[in-house]
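One structure below.
The values are calculated or read from the model by the stated rules, or taken from the named source; none is laboratory data. These figures come from a predicted structure and were not determined experimentally. Positions of Cβ are backbone-derived with ideal geometry, glycine not excepted, and every protein chain shown enters the neighbour counts.
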Amino acid sequence: MNDGAATIERPARTAPAPSGAPVLHVHELRKRYGELEVVRGLSFDIRRGECFALLGPNGAGKTTTLRCCLGLIDPDGGAIELVGEPVPRAAREARIRVGVVPQMDNLDPDFTVRENLLIYGGYFRIRRSVLDERIPRLLEFAGLAGKAQTSIRTLSGGMKRRLTLARALINDPELLILDEPTTGLDPQARHLIWDGLRQLLKQGKTILLTTHFMDEAERLATRLAVIDHGTMIACDTPQALLETHVEPEVVEVYGEDARAWATARGRALSNRLEIAGETAFCYATDAAPLLADLATHAGVRYLHRPANLEDLFIKLTGRELRD
Amino acid sequence: MTTASILRLPQLSGRFVPVWRRNLLVWRKLAIASVLGNIADPLLYMLALGYGLGSLVGEVGGMSYVAFIGTGMVCQSAMFTSSFEGMYSAFSRMHVQRTWEAIINAPIALDDVVFAEWIWCGTKAVMSTTAILLVIQALGFGHTWLALLILPLGFLVGLCFGALGLVMNALAPGYDFFTYFFTLVITPMLLFSGVYFPVDQMPAWLAAVAGGLPLKHAIDIARPLMLGRIPSNVIVHVAVLLAYSFAAYYVAVMLTRRRLLK
């Protein structure tokens, strides 16, 4: 992706929401499917220029929350204001100024790369002259400058994602919503997407993304919310969340003897200890005593590292599998 | 979605136009194959049955059998084209390619999408109607201005069967599901609506059943038009077709909302 390529002027007909007002305001959102309440009183605000990540295990209510915010499903309770418009009542007006990258690719396979952007721009009623001027820059931003006439069917997964991102920018949105933007991509392709998103943030765009990749949240999010079972567990900057919820140092101990060592020695030397399979996770304010003890045990391997969002996530949402 | 928001009358806006246009642009890429497909099948039927069987039966209902069956073919092809579009093509766009999902993330509502698909079914029906009408005229029949009214009739037939197709689409777990529609709706429609022989040749009770079939009403309009006559009971025939069209369309909208907006 190329620097600055996606600097796009705002279309004349859309007035930006007053600065200071949140780009997205969600208050006490509730949504139930039959007996199951999947979103249970969720509240958060997204401010202009920030990258806000919704983190949660599968089934936590992330996608349902996004669909409510876009006005695609009616919530059972609460209030939503998207780019200053009440949703779902004025969802259509709101969506004029929002870009969406869905979880699953839905580019139009019957069209070329360029046609995909042209047709999508038509859904926003953007004038052809504006599109003709905007599309080359978006293609350059997406690293697809030479692929304008290429059929969608021949693109790689990473290219498709980048084109989907470019498509979401066709209306120069005030808020970009991405639902698990890099799920299913290889590491190279993920890094390209992250570079693109960072560029957009640098240009002052506001981003809301859902993910269950901690490294993604760590790299991009200025603020993140951990949600589970439809409620907010924690919401702050990544740094503040780590400081509040997790001990700063982690020692991971592996191997057959790890469990025995953890019960005999590790537990007493850690602030908190978790055992998963053959690995013991020792969380500590000061790891020095742990490391000194481990040095005398030849039978175990270990890794000493600072705490990260994954530790936070596991602590807040538990280790059990979600399907 | 709440029950009330599923039952709500369709909310329409001019935003359906770009969705309709998208389908037109895709069609344009495959136009030649599509038009050939529209013409080839009915043409073969017309030649084989029209001249083959026609030499045995002579005139039917005051017209040569080729023209008789040709007029039936016009209506049949409007039915086929729109049913196919409402089922297989719509299902590809809705379920397989997730095109509808992409569209409703733009400022276009699902109601606009379904409306656009419905109008598109009618549009495709007009295209195939036009093609076959030209073939019939090339064979020397239907040289009357009134025959042009068969084009809007084709649109109406397209709306009727397109809407029924969209109902099936909203219910379909996969492509195989559409076979039911062909067996239970299309085939009886073909055999008992007077495409190949006049309905009054059948026993009274069967003819009465045929009176409930929308394709029969379309054919009752088309045949006189082809002969340059104003059809009798036009209002009844049109009313039946409109009733089927709007009822099925409304059901399709409700079922599609239930399927996608959850």
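Worth a mention:
- Of note, B:M46 satisfies the criterion of being more than 11 Å from chain A (Cβ to nearest Cβ), in a helix (DSSP H, G or I) and either buried (at least 20 other Cβ atoms within 10 Å of the Cβ) or among the basic types (K, R) (or both).
- If the condition is being within 18 Å of A:K315 (Cα to Cα) and assigned to a loop (DSSP other than H, G, I, E, B), then the stretch A:249-277 contributes A:S270, A:N271, A:G277.
- Selection within the stretch A:157-194 - free of Cβ contacts under 8 Å to residues at least 40 places away in the same chain and part of a loop (DSSP other than H, G, I, E, B): A:T182, A:G184, A:L185, A:D186
- Among the residues of the stretch A:138-147, those identified as within 28 Å of the chain's Cα centre (by Cα) and either on the phi < 0 side of the Ramachandran plot or not in a loop (DSSP other than H, G, I, E, B) (or both) are A:L138, A:L139, A:E140, A:F141, A:A142, A:L144, A:A145, A:K147.
- Some residue of the stretch B:219-231 being in a loop (DSSP other than H, G, I, E, B), at pLDDT 90 or above, farther than 30 Å from B:L110 by Cβ and among the aliphatic types (A, V, I, L, M): yes
- Long-range neighbours under 6 Å by Cβ, at least six apart or interchain, first residue more than 7 Å from chain A (Cβ to nearest Cβ) within the stretch B:84-108, second among the hydroxyl-bearing types (S, T, Y) and assigned to a helix (DSSP H, G or I): B:R93/B:T99
- Complete set of residues in the stretch A:114-137 that are more than 9 Å from chain B (Cβ to nearest Cβ) and assigned to a loop (DSSP other than H, G, I, E, B): A:I126, A:R127
- In the condition set (1) closer than 21 Å to A:I207 by Cβ; (2) at pLDDT below 95, A:D110 is compliant with all but (1).
- Complete set of residues in the stretch B:93-105 that are within 20 Å of A:D179 (Cα to Cα) and either part of a helix (DSSP H, G or I) or touching a strand residue (DSSP E or B) at 6+ places or on another chain (Cβ under 8 Å) (or both): B:M94, B:H95, B:V96, B:T99, B:W100, B:E101, B:A102, B:I103, B:I104, B:N105
- Some residue of the stretch B:57-65 being surrounded by fewer than 20 Cβ atoms within 10 Å (Cβ to Cβ) and part of a helix (DSSP H, G or I): yes
- Checking the stated criteria, A:I170 turns out to be within 14 Å of another protein chain (Cβ to nearest Cβ), over 21 Å from A:A217 (Cα atoms) and buried (at least 19 other Cβ atoms within 10 Å of the Cβ).
- Answer from A:R127, A:R167, A:R161 - the residue that is more than 21 Å from A:Q203 (Cα to Cα) and either basic (K, R) or outside the structural domain of A:Q199 (by TED's automatic domain parsing) (or both): A:R127
- Qualifying residue in the stretch B:128-150 (condition: more than 14 Å from chain A (Cβ to nearest Cβ), of a type in the set (A, V, I, L, M) and within 14 Å of B:W27 (Cβ to Cβ)): yes
- Test: residue in the stretch B:29-39 that is part of a helix (DSSP H, G or I) and at pLDDT 90 or above: yes
- Selected residue (criterion: nearest to B:I108 (Cα to Cα)) from residues of the stretch A:20-75 that are within 14 Å of chain B (Cβ to nearest Cβ) and in a strand (DSSP E or B): A:K31
- Across the stretch A:285-305, the number of residues qualifying as farther than 13 Å from A:R265 by Cβ and either buried (at least 18 other Cβ atoms within 10 Å of the Cβ) or among the acidic types (D, E) (or both) comes to 2.
- Here B:P224 meets each of (1) surrounded by 21 or more Cβ atoms within 10 Å (Cβ to Cβ); (2) out of contact with any His (no Cβ under 8 Å at 6 or more places or on another chain) with one exception, condition (1).
- Pairing each residue of the stretch A:56-77 that is assigned by TED's automatic domain parsing to the domain that holds A:V38 with any residue that is part of a helix (DSSP H, G or I), provided the two are 6+ apart or on different chains, yields C-beta distances under 6 Å for A:G56/A:K62; A:P57/A:T317; A:G71/A:A91; A:I73/A:R67; A:D74/B:S5; A:P75/A:C68.
- Unique residue being outside any loop (DSSP other than H, G, I, E, B) and closer than 29 Å to A:I96 by Cβ when the list is B:A131, B:A116, B:A125: B:A116
- Residue in the stretch A:39-56 that is nearest to A:R167 (Cα to Cα), counting only those that are touching a helix residue (DSSP H, G or I) at 6+ places or on another chain (Cβ under 8 Å) and crowded, with 21+ Cβ neighbours inside 10 Å: A:C51
- In the stretch A:73-83, residue surrounded by the most Cβ atoms within 10 Å (Cβ to Cβ) [restricted to those that are in contact with a Pro (Cβ under 9 Å, 6 or more places away or on another chain) and within 15 Å of A:L208 (Cβ to Cβ)]: A:V83
- Within the stretch A:102-113, tally of residues that are more than 7 Å from chain B (Cβ to nearest Cβ), closer than 15 Å to B:V26 by Cβ and buried (at least 20 other Cβ atoms within 10 Å of the Cβ): 1
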